[in-house]
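Q: Below you will find the structure I want to go over with you.
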Amino acid sequence: MKAVLDAGALLAVEKRDRAVGAMLRVLQERRVPVWTSAGVVAQVWRDGSKQALLARVLAGVGVRGLTAGDDKSTGELLASARTRDVIDAHLALCVDAGDHVLTSDPEDVGHLLATRKVGATLVRT
């Protein structure tokens, strides 16, 4: 099991959201791997000199890039789900059965995961 963060979760970190901070501390204490998509990082990263807290959190987060295999899989997932958000679709590819997804958009992410037939726990941030 791992935890996967969407852009909303990372933005909550930056806004010093106590609930998300507590969730991340528990995950760290339990040594649960935390991952996100490179596209998600691109959505939230603007100026490292002003995002020290986000940088510190990202230092402990695995980042999955959009690889040659992911490009077609992401497009196929978008077609199957009849949606258009490439970042959400790539994030959904990072999720395995039994994972926890910290998301500000459980409806869209849940739809993508249901399309993939991947059972995961969605945690609203």
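Q: Restricting the search to region 1-50, which residues are over 15 Å from VAL101 (Cβ atoms) and of a type in the set (Lys, Arg)?
A: Of everything in region 1-50, those that are over 15 Å from VAL101 (Cβ atoms) and of a type in the set (Lys, Arg) turn out to be LYS15, ARG16, ARG18, ARG25, ARG30, ARG31, ARG46, LYS50.
Q: Take region 91-113 and flag every residue that is within 16 Å of ALA7 (Cβ to Cβ), over 9 Å from the mean Cα position of the chain (by Cα) and buried (at least 16 other Cβ atoms within 10 Å of the Cβ).
A: Once the filter is applied, which keeps residues that are within 16 Å of ALA7 (Cβ to Cβ), over 9 Å from the mean Cα position of the chain (by Cα) and buried (at least 16 other Cβ atoms within 10 Å of the Cβ), region 91-113 yields LEU93, SER104, ASP105, PRO106, ASP108, VAL109, LEU112.
Q: If you don't mind, another one. Identify, please: which residue in region 114-125 is among the β-branched types (Val, Ile, Thr) and over 23 Å from ASP17 (Cβ atoms) and is, among those, surrounded by the most Cβ atoms within 10 Å (Cβ to Cβ)?
A: Applying the filter and picking the extreme gives THR115.
Q: Hey, another quick one. Looking at region 1-86, what strands (runs of 3 or more DSSP E) fall wholly within it and have at least 1 residues that are touching a Leu at 6+ places or on another chain (Cβ under 9 Å) and of a type in the set (Val, Ile, Thr)?
A: 3-5, 34-37
Computed from the coordinates by the stated procedures, all read-outs in this text should not be read as laboratory data. Computed from a predicted structure; not experimentally measured. Reconstructed Cβ throughout: ideal geometry from the backbone, glycine too, with neighbour counts over all protein chains shown.
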